[in-house]
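Novice: Take this structure, written in C-alpha cells, and hold onto it; I'll ask about it next.
The values are calculated or read from the model by the stated rules, or taken from the named source; none is laboratory data. Remember, predicted model here, so these are calculated numbers, not experimental data. No Cβ is skipped: glycine too gets one built from the backbone with ideal geometry, and neighbour counts run over all protein chains shown. Accessible surface is based on the protein model in full, side chains and every heavy atom, while ligands, DNA and RNA are left aside. Shrake-Rupley method; radii C 1.70, N 1.55, O 1.52, S 1.80 Å.
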Amino acid sequence: MATTKPKARGRKKTQAKAPVDGRRRVVIEGVVPEIDGGRFPIKRVVGDAVVVGADVFADGHDSLACRLLYRREADAEWSEAPMQALVNDRWHGGFRVDALGRWRYTLVAWVDPWTTWRRDLQKRLTARQDVTVDLRIGAELVRAAAERAEEEAAAALEQVAIHLENPYEPGAELVGLPDWLDDLMERHADRSHATTYAPELGVIVDRERARFSAWYEMFPRSCAGGGSAEEPQPHATFRDCEERLPYVAGLGFDVLYLPPIHPIGRSHRKGRNNNPVAEPGEIGSPWAIGSEEGGHKAVHPDLGTLDDFRRFAERAGELGLEIALDVAFQCSPDHPYVREHPEWFKRRPDGTIQYAENPPKKYEDIVPFDFECEDWWGLWQELKSVFDFWIEQGVRTFRVDNPHTKPFLFWEWLVGELKAAHPEVILLSEAFTRPKPMYQLAKLGFSQSYTYFAWRTTKWELEQYFTELTTTVVREFFRPNVWPNTPDILTEQLQFGGRPAFLQRLVLAGTLSASYGIYGPAFELGEHVARERGSEEYWDSEKYQLRRWDLDRPGSLAEAIALLNRVRRENPALQTNEGLRFHATDNEQVLCYSKATPDRGNVILVIVNLDPHHAQGATVDLPLGELGIEDPAHPFQVHDLLTGARYLWHGPRNFVHLDPHGVPAHVFRLRHRIRSERDFDYFV
C-alpha cells in the first residue's frame, strides 16, 4: 500500500535580508575637527592645512589602511591624503586648502590584507619558518590587485606574482621585491568592504583677512574740520572723509569700519546724550535707519551721493584700507519699509507700531522687523538684497549689528547664500550676548565675532577666556575680534585707569588676538568720561551728535598704535591664534604669554602689567623647550619691540619690572641663537 509524505506544517522559512554589509569590519570614530557631529563646518583661510585625527580600528589583528578624502564642494572627484597610525588606534593626516569657498572631507578605511601579509611574513622569516605557502598567498594578493589595475601596472604586478609562485629558494625572493610594489598595491587595494565615515564634514575657506586684521571704527559724519564755540560743527561729507584716510592708514589699520551711512529718521529722534527728545537741528542716531530720503540702500544726503561713497572707498583701497559697512536690520518709523510693507512689523493693541525695547531701556526711534510675520520669506529676500546692493558697490566686509536678535535659520540661509556667490565676503558678528548664541552664529558662518574681552581684566579671567577660545573646539569655528572700546562700551577700567589703562588694553588686544579693533579717535585720544556714574556710555557720545576731534592733541596714542600694528605685520606669530600659551608668574598683576609659529622661527613673548596705577615686578617661568630654546644652559636674548631694548636672559626663570606710567608691557621677540655673552652686542 502506497504511503504519502506528510505535509510540512507552518510557514516556509525565508532567509532574512542582511541589514548591513557585515564584511565592513573597520570602525571610524573620534574624528577631529568635527563640529556638532558634522552639522557645522570648521573655518580656515586659503593656504591653511586641515589636520585631521581619528580613532580607526577593527576586530582581530589585521593591519588597516586609512585615507583622508577631500575636495572642493563644487568638484565631483575626491583627492586623497594618507593617514598615519600613531598609538592606541589613533590616526593622523592632513590636506591643504588652496581656494576660497566650501570644501568637504571624510575618511575611508579598510582591512589591508597586503600589509598584514608583509608584517606576518617578516615574523615567520625571523622565526625561520617555512614560508612557501605564505609566498603563494602573497602571489594571490598581488594577482588580485593586478586585476584591478590598468594595463601597465597590471603587467608589472603579474610578474611579481609569478616570481612569488616560483621561488628559487623559500623566502629569498622577499628581499628582492621591488621598492615600488607597496605603492602599487596600495593604489589598487580592494576597498569593496571599506568603511566610509559619515557624515561628510565641511570647511569654510576664507581669505587671510578673516584671520588677521586690524579694524578702526570711525563716524564719517564727524570728519569735517571747522566749527567753533559760536558755530556748530559742520556735518562731514565723504570728500571730508577722504582727508582722514591717510591718518587711519598711517596708524597701520587695514579695515576702516563705518557705522550706518544711511538716511536717519526724524520720528522720536534721540538728542544729545540719548535725550529722548531731540532739539531742533540735532542729527540723531545713525542706527535709526530710514527716512523719506531712503533706507538701507541709500546714502545720507549730508554725506553725499553713492558715487561719492564709491570714490571714497576707491581712495581707501589705494591706501591699503578696506571699507567695512554696518548692516543693522532695523528701521526708523520713517523708513520706506514701514509704509510699503507694514506686514513686516508688529503692532501693539493700541494700533501703534512696536518699537525696540530691552527693558527698562526703550528705543522709540527704532522699530524691529517681525521675523514671524506671514510674509517672512519676502522679508528674508529683501534683507538679503541689502547685502547684494552693497556688494555691487564693491563692499566685501560687513559688521552685522545685533545678529543674535534675528533667527538663526535666517542667518544660516543668508550667510550660506552670500558665501556661495561671494566667498571673499567677511562678516563680523556684533553679538554681545550669552556664549551659546555667540557660538551658534559663528557656526552658522560669521567670519569673525566680537568677544567679552572688554570686560576681562584680571589675570585669571584673561587666561581662562583665551584658553577657551584658542585651545578647545571653539577655535575651529569662532574667530575672535577683540575691542577694548566701542561707541557703546567705555569700561570702568578705561574710565579710571588713565593713559596706562589704554596702553595696557591696546597691547593685550593686539597680541592676544590676531584680529582686533578700536573705536577712534576716542581711543587714541583717551576719551574716558562716562555719561553718568555706573554707565558705559560716553558723555557727548558720537552716536547722537557730531564731534570735533583734535588728532594732534598732546598725549595721543597714535604713535603707539602705529608701532604695535607694525609689530603685528612683521611677526607671523601674531597673525594667528594658534600657538598662544600662558606662562606662570609669581604676581597676579603680571600676565605672561607667548605666541610662536609652528617651526619656532618666530617666537613672541608678551608680559603685561595689569595694574594701571602701580609698578609691578614678577618672576616669569618659561618652558624654554616649547619656545625653541633647546639648551637652557645657554643665554638667549629678548628684544623688546616696543622700546628697542635688548636683554640677555639665563634659564627659565627671569625677573621683570613694569611701570605703567612708562610702558606697561614688554613685547619681546626671542633670539635664541646666542652662544655666549660675547655674541650679545653683535646679534641682529
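Novice: Could you look through the stretch 662-684, keep only residues that are modelled with pLDDT under 95 and under 21 Å from Leu508 (Cα atoms), and pick out the one that is surrounded by the fewest Cβ atoms within 10 Å (Cβ to Cβ)?
Specialist: Gly662
Novice: Could you please tell me which pairs satisfy a Cβ distance under 7 Å, a separation of 6+ or placement on different chains, a first residue in the stretch 636-650 that is under 23 Å from Ile561 (Cβ atoms), and a second residue that is of a type in the set (Val, Ile, Thr) and open to solvent by 40 Å² or more (accessible area, probe 1.4 Å)?
Specialist: Final answer for the pair search is Leu642/Val663; Thr643/Val663.
Novice: With Ala313, Ala324 as the choices, which residue is within 19 Å of Ile261 (Cα to Cα), small (Gly, Ala, Ser) and open to solvent by less than 20 Å² (accessible area, probe 1.4 Å)?
Specialist: Of Ala313, Ala324, the one residue that is within 19 Å of Ile261 (Cα to Cα), small (Gly, Ala, Ser) and open to solvent by less than 20 Å² (accessible area, probe 1.4 Å) is Ala324.
Novice: Here's a follow-up. Please enumerate the residues belonging to the stretch 495-544 that are polar (S, T, N, Q), without any contact (Cβ under 8 Å) to a residue 60 or more places away in the chain and assigned to a helix (DSSP H, G or I).
Specialist: Passing the criteria: only Gln495.
Novice: While we're looking at this one, here's another question. When you look at Pro612, is it part of a loop (DSSP other than H, G, I, E, B) and crowded, with 16+ Cβ neighbours inside 10 Å, yes or no?
Specialist: Taking the combined requirement at face value, the residue satisfies it.
Novice: Here is a further query. Can you name every residue in the stretch 50-62 that is open to solvent by 20 Å² or more (accessible area, probe 1.4 Å) and either touching a Phe, Trp or Tyr at 6+ places or on another chain (Cβ under 6 Å) or in a strand (DSSP E or B) (or both)? Walk me through how you get there before you give the answer.
Specialist: Going residue by residue through the stretch 50-62, those that are open to solvent by 20 Å² or more (accessible area, probe 1.4 Å) are 51, 55, 57-62.
Scanning the stretch 50-62 gives Val51, Asp55, Phe57.
Novice: Do we have Val20 as loosely packed, with under 13 Cβ neighbours inside 10 Å and either modelled with pLDDT under 95 or closer than 30 Å to Lys443 by Cβ (or both) here?
Specialist: For Val20, the condition - loosely packed, with under 13 Cβ neighbours inside 10 Å and either modelled with pLDDT under 95 or closer than 30 Å to Lys443 by Cβ (or both) - is met.
Novice: Now for a separate question. How many of the residues making up the stretch 585-609 are open to solvent by 60 Å² or more (accessible area, probe 1.4 Å) and more than 25 Å from the chain's Cα centre (by Cα)?
Specialist: Residues flagged as open to solvent by 60 Å² or more (accessible area, probe 1.4 Å) and more than 25 Å from the chain's Cα centre (by Cα) within the stretch 585-609 amount to 3.
Novice: Filter the stretch 385-401 for residues that are acidic (Asp, Glu) and either modelled with pLDDT under 95 or over 20 Å from Arg315 (Cα atoms) (or both) and give the result.
Specialist: Taking the stretch 385-401 first, the residues acidic (Asp, Glu) are 388, 392, 401.
The answer is Asp388, Asp401.
Residues checked against (1) touching a helix residue (DSSP H, G or I) at 6+ places or on another chain (Cβ under 8 Å); (2) assigned to a helix (DSSP H, G or I):
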| position | (1), (2) |
| --- | --- |
| Met185 | yes, yes |
| Asp190 | yes, no |
| Pro232 | no, no |
| Glu242 | yes, yes |
| Phe253 | yes, no |
| Leu256 | yes, no |
| Pro260 | no, no |
| Arg266 | no, no |
| Val277 | no, no |
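Novice: Any residue that is closer than 30 Å to Asn481 by Cβ, of a type in the set (A, V, I, L, M) and either modelled with pLDDT under 95 or open to solvent by less than 20 Å² (accessible area, probe 1.4 Å) (or both) - is there at least one of those in the stretch 343-354?
Specialist: Within the stretch 343-354, the subset closer than 30 Å to Asn481 by Cβ is none.
No; the residues of the stretch 343-354 include none that is closer than 30 Å to Asn481 by Cβ, of a type in the set (A, V, I, L, M) and either modelled with pLDDT under 95 or open to solvent by less than 20 Å² (accessible area, probe 1.4 Å) (or both).
Novice: Please list, ordered by first then second residue, the pairs with beta carbon atoms under 6 Å, 6 or more apart or interchain, first in the stretch 387-409 and free of Cβ contacts under 8 Å to residues at least 60 places away in the same chain and assigned to a helix (DSSP H, G or I), second open to solvent by less than 50 Å² (accessible area, probe 1.4 Å) and of a type in the set (Gly, Ala, Ser).
Specialist: Every condition considered, the pairs that remain are Pro403/Ser429; Pro403/Ala431; His404/Ala431.
Novice: For residues that are surrounded by fewer than 18 Cβ atoms within 10 Å (Cβ to Cβ) and either touching a residue at least 40 places away in the same chain (Cβ under 8 Å) or over 34 Å from the mean Cα position of the chain (by Cα) (or both), tally how many sit in the stretch 363-374.
Specialist: Matching residues across the stretch 363-374 total 2.
Novice: Against the definition (open to solvent by less than 10 Å² (accessible area, probe 1.4 Å) and modelled with pLDDT of 95 or more), how does Gly304 come out, yes or no? Reasoning before the result, please.
Specialist: Values: open to solvent by less than 10 Å² (accessible area, probe 1.4 Å): no; modelled with pLDDT of 95 or more: yes.
No; evaluated as a whole, the condition is false for this residue.
Novice: Scanning for something farther than 22 Å from Phe219 by Cβ, surrounded by 24 or more Cβ atoms within 10 Å (Cβ to Cβ) and either more than 23 Å from the chain's Cα centre (by Cα) or not β-branched (Val, Ile, Thr) (or both), does the stretch 542-554 turn up at least one residue?
Specialist: The answer is no, given that none of the residues of the stretch 542-554 is farther than 22 Å from Phe219 by Cβ, surrounded by 24 or more Cβ atoms within 10 Å (Cβ to Cβ) and either more than 23 Å from the chain's Cα centre (by Cα) or not β-branched (Val, Ile, Thr) (or both).
Novice: Those residues that are hydrophobic (A, V, I, L, M, F, W, C), open to solvent by less than 20 Å² (accessible area, probe 1.4 Å), touching a helix residue (DSSP H, G or I) at 6+ places or on another chain (Cβ under 9 Å) and under 25 Å from Ala99 (Cα atoms), I need them from the stretch 416-440; list them, please.
Specialist: Matches in the stretch 416-440: Leu418, Val425, Ile426, Leu427.
Novice: Okay, next question. Would you mind stating whether Arg566 is open to solvent by 30 Å² or more (accessible area, probe 1.4 Å) and at pLDDT below 95?
Specialist: no
Novice: Something else now. Within the stretch 474-484, track down each residue that is of a type outside the set (A, V, I, L, M, F, W, C), in contact (Cβ under 8 Å) with a residue 40 or more places away in the chain and in contact with a strand residue (DSSP E or B) (Cβ under 7 Å, 6 or more places away or on another chain).
Specialist: Across the stretch 474-484, the qualifying residues are Glu476, Arg479, Pro480, Asn481.
Quick grid of which residues meet (1) out of contact with any Phe, Trp or Tyr (no Cβ under 8 Å at 6 or more places or on another chain); (2) under 28 Å from Pro220 (Cα atoms):
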residue: Val425; (1), (2): no, yes
residue: Ser429; (1), (2): no, yes
residue: Pro435; (1), (2): yes, no
residue: Tyr452; (1), (2): no, yes
residue: Thr470; (1), (2): yes, no
residue: Asn481; (1), (2): no, yes
residue: Gly520; (1), (2): no, yes
residue: Phe523; (1), (2): no, yes
residue: Glu532; (1), (2): yes, yes
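Novice: Look at the stretch 63-94 and say how many of its residues are over 24 Å from Val205 (Cβ atoms), open to solvent by 60 Å² or more (accessible area, probe 1.4 Å) and in a loop (DSSP other than H, G, I, E, B).
Specialist: Counting residues in the stretch 63-94 that are over 24 Å from Val205 (Cβ atoms), open to solvent by 60 Å² or more (accessible area, probe 1.4 Å) and in a loop (DSSP other than H, G, I, E, B) gives 4.
Novice: Looking only at the stretch 441-458, filter to residues that are free of Cβ contacts under 8 Å to residues at least 40 places away in the same chain and surrounded by fewer than 20 Cβ atoms within 10 Å (Cβ to Cβ); which one of those is nearest to Arg72 (Cα to Cα)?
Specialist: For the stretch 441-458, the residue satisfying everything is Tyr452.
Novice: Let me ask something else. Quick one: count up the residues across the stretch 569-584 that are open to solvent by 10 Å² or more (accessible area, probe 1.4 Å) and small (Gly, Ala, Ser).
Specialist: Result for the stretch 569-584: 2.
Novice: So Val45 fits all but one of (1) in contact with a helix residue (DSSP H, G or I) (Cβ under 7 Å, 6 or more places away or on another chain); (2) farther than 29 Å from Thr470 by Cα; what number is the exception?
Specialist: Here Val45 clears every test but (2).
Novice: Okay, moving on. For the condition within 23 Å of Leu258 (Cβ to Cβ), open to solvent by 10 Å² or more (accessible area, probe 1.4 Å) and not aliphatic (A, V, I, L, M), what is the one hit in Arg479, Arg475?
Specialist: From the options Arg479, Arg475, the qualifying one is Arg479.
Novice: Further question on the same structure: Out of all the residues in the stretch 274-288, which are touching a residue at least 60 places away in the same chain (Cβ under 8 Å) and either farther than 21 Å from Lys362 by Cα or open to solvent by less than 30 Å² (accessible area, probe 1.4 Å) (or both)?
Specialist: Those that are touching a residue at least 60 places away in the same chain (Cβ under 8 Å) and either farther than 21 Å from Lys362 by Cα or open to solvent by less than 30 Å² (accessible area, probe 1.4 Å) (or both): Gly284, Ser285, Pro286, Trp287, Ala288.
Novice: So, one more: Would you please list the contacts, defined by Cβ atoms under 6 Å and residues six or more apart or on different chains, that run from a residue in the stretch 39-62 that is within 20 Å of Glu29 (Cβ to Cβ) to a residue that is open to solvent by 40 Å² or more (accessible area, probe 1.4 Å) and assigned to a loop (DSSP other than H, G, I, E, B)?
Specialist: Pairs found: Asp55/Asp89; Phe57/Asp89; Ala58/Arg25; Asp59/Arg25.
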